[in-house]
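The values are calculated or read from the model by the stated rules, or taken from the named source; none is laboratory data. Note that the coordinates shown come from a computational prediction; the quantities given were computed from them, not determined experimentally. We place every Cβ from the backbone using ideal geometry, glycine too, and count neighbours over all the protein chains shown. For the accessible areas, the whole protein counts, side chains as well, though only heavy atoms, and no ligand, DNA or RNA atoms are used. Shrake-Rupley method; radii C 1.70, N 1.55, O 1.52, S 1.80 Å.
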Amino acid sequence: DDNFRFWREEREDGAIYSCYLKKVTYLSQARLEDENHANGEFSHLMWETHKVRVIRAGTLARLVESLTNNLGEMDSSYVNVFLATYRTFAKPQQFLSTLIDRYKFLRSQRKKESTQTELIETQLRSLISVIWMWLGTYPEDFHERPDLSSLRDLERFAAEFAPGSGLDKRVKEKLLAFMEEDSNEATQRLNHISLSDGSSHPVDTDGSKSLALLEIPCRKIAEQLTFKDADLFCKVIPHHCLGSVWSRRDKSQGPDAPSIRATIQQFNAVSRRVVATVLKTKELRTSCRAKVLQKWIIIAQDLRELKNFSTLKAIITGLQSHPVYRLRKTWSALSKDTMTLFEELSEIFSVENNEINSRELLMKEATAKFPDLESQCKSLKRRNLQKRRSWIDNGIVQGTVPYLGTFLTDLTMIDTAYPDTVEGGLINFEKRRKEFEVLAQLRLLQSAAKIYNIAEDVGFWRWFKSIQTYSDVESYELSCALEPPSESIAKIKKKSASSRFSEPIISSSSTSGQEKRGKVPYDLRDGLGNKPSRSENAKHSLFVCGAEDRTSIASIPDTIAASIGPLLSHSSSTSSVISSDSDTASPLSPYKSSDCYVIKVSLETSHTDSTHVYKSIMLMNSDHTQTVIEKIMEKYSLEGSPQDYCLLQLLPDGELLIPDRSNVFYALNNSVELKFILRTRHDHEAAKYRRKGGRRRAKKMTV
């Protein structure tokens, strides 16, 4: 914007500001008194320049000060960012205490500064507005069980400084509402315990539910799954999606993120039932089993029409899971049109280029009335055109349920790439602004999800919950019972695999593009008769968690590991969440864009060779070698000079030394995984000397 330009950086005690110069128009008093101007006729515009300060980093007290601008008015854009993200650096009780202290300080200053009385009065009113906005937008921050301490502190504050005001009344209303809600929940828990013995649904043990699936209309299944997903998505608390919150990087902030956990459980429930209904058909012929596959593919298409990307992803994940994907005979029984449809639906969630297909589709259709369906198949294209005309004629308006993993991915990347604090331990508020951009998209989509008008069918959910599901090992054994591994086929597959793949396919998440789209509907490893290895699967997911833990976000089943990485088969092993600063490998899909990468950097010294231990670094397109080395040294808390180190990229056939004065963004090889090593120059020269000595000895032996 030509009217808004960066000027300089200003530093004060406990705060860092970015200063901008803003050009604005104004009317002088002389011009207002001019007769021509009174008629609204201006011969020219007059301009003046205003200085605008934006806080970049600061202490909590300084950030609270910035809730009001230099005119004393509430800075609404800043307040929105602050209220959405402050939980990453302060608890609600801390924020409220600091806010009240600020209010009391301004009241004390009002008596001393008689010339600033009007400004201080405006600031005081603005702070009351901030509290009003906070209580109305994020009431859950005050619902601290069992004593509601923050809300009671606010009640005392309102009674002292704003008795009888709208804030005072609102606080009392919230207090009564929370107490009533807690009482009702306690009663419901008691009733649930007393009725739990007879209220569970009978579990299907004979495979009859797989047959029942064929009798239920596809559209009905899609609508009921969308009803559930939309309800759960609207209940998602956006700040629970923040990387440091939902992954519980800071264990002191609370036990888990329940709104995220509920969405995860529903995703896994659908994916497991897709697998179960396909595999529990041993007594059926292959053609009948293929009908179950076809049924789920058509349901997935109906979900695409309903713009429910969450369950669509769950179904594709189930169909691409190892036990289902290896059923070669079953997949070969599907028609060409059905396979084309499956390929096109799978392509939506391709992991290539940071899942650009699903991102572009979501942005295109987020607030659209209905989906823009496309297909390479002529019959499908003709059918889609007919549906589009029908939607237009009938005035159909569809809501949208996104795949939550996309947002969790972005927020985790931001949390990884940007530090929580900057020099002097100041809170990095620029990081919070970037996080808010993602949270704002999430809130917009939550509004779109409320458009659906679908009634719940209790009978459907009784059937859905009664379907028996299986662990990954049980699923694999059932799959092998349906189509046993063949040694003759295994030899052919092994030979084919060695020429096309550098490593065996673990699951649908690690298949090549051709296999992932469904053209080769079986896993090459299956020909060897091997069961999928959990340790191998773990290499391909950023979060490796247990399927049996239903109570903590720190134990997410592998199927929902796609919230941040590839979707894998269900694992019954349990481990803790691994952040991108962990000492464990992460997926082979680093974040890439036109102006920045997230690279993985290992530290190698003469004492350690820990290339499997890495930390994630944000690499900008303006970063030169010394800048990147400084970032790495800060991440690893290394002392010394950047001149003592060199940066190398790990390549499949060796190492690439990044020149000292080069732009790393353009010097690296971006066609491979972005893995780097930071090595001391002394160790690097010693390694070169050893390699040269080895080559000379080898040459002498040859002579």
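Tabulated data
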item: Matching option when the condition is touching a Gly at 6+ places or on another chain (Cβ under 7 Å) and either within 24 Å of M179 (Cα to Cα) or not hydrophobic (A, V, I, L, M, F, W, C) (or both), among R62, R87, R145; result: R62
item: Selection status of I451, part of a loop (DSSP other than H, G, I, E, B), among the hydrophobic types (A, V, I, L, M, F, W, C), over 30 Å from A15 (Cβ atoms) and at pLDDT below 90; result: yes
item: Residue that is nearest to L151 (Cα to Cα) [pool: residues in the range 46-101 that are hydroxyl-bearing (S, T, Y), part of a helix (DSSP H, G or I) and open to solvent by 10 Å² or more (accessible area, probe 1.4 Å)]; result: S97
item: Residue count, the range 421-432 (criterion: outside any strand (DSSP E or B) and surrounded by 18 or more Cβ atoms within 10 Å (Cβ to Cβ)); result: 3
item: Residue ranges of helices (runs of 4 or more DSSP H) in the range 179-270 with at least 3 members at pLDDT below 70; result: 208-215
item: L478 vs. criteria surrounded by 13 or more Cβ atoms within 10 Å (Cβ to Cβ), touching a residue at least 24 places away in the same chain (Cβ under 8 Å) and in contact with a Phe, Trp or Tyr (Cβ under 7 Å, 6 or more places away or on another chain); result: yes
item: The range 102-114: number of residues that are in a helix (DSSP H, G or I) and open to solvent by less than 80 Å² (accessible area, probe 1.4 Å); result: 7
item: Selected residue (only one of T226, T286 is under 23 Å from G459 (Cα atoms) and hydroxyl-bearing (S, T, Y)); result: T226
item: Complete set of residues in the range 668-680 that are surrounded by fewer than 16 Cβ atoms within 10 Å (Cβ to Cβ) and in contact (Cβ under 8 Å) with a residue 12 or more places away in the chain; result: N669, N670, V672
item: Only one of S496, S486, S475 that is within 30 Å of D229 (Cα to Cα) and either in contact with a helix residue (DSSP H, G or I) (Cβ under 8 Å, 6 or more places away or on another chain) or modelled with pLDDT of 85 or more (or both); result: S475
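Okay, residues lined up against (1) charged (D, E, K, R); (2) touching a His at 6+ places or on another chain (Cβ under 7 Å); (3) surrounded by 17 or more Cβ atoms within 10 Å (Cβ to Cβ); (4) closer than 21 Å to T98 by Cβ:
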position	(1), (2), (3), (4)
Q116	no, no, no, no
L124	no, no, yes, yes
T137	no, no, no, yes
D147	yes, no, no, yes
S150	no, no, yes, yes
L154	no, no, yes, yes
G166	no, no, no, no
K174	yes, no, yes, yes
T187	no, no, no, no
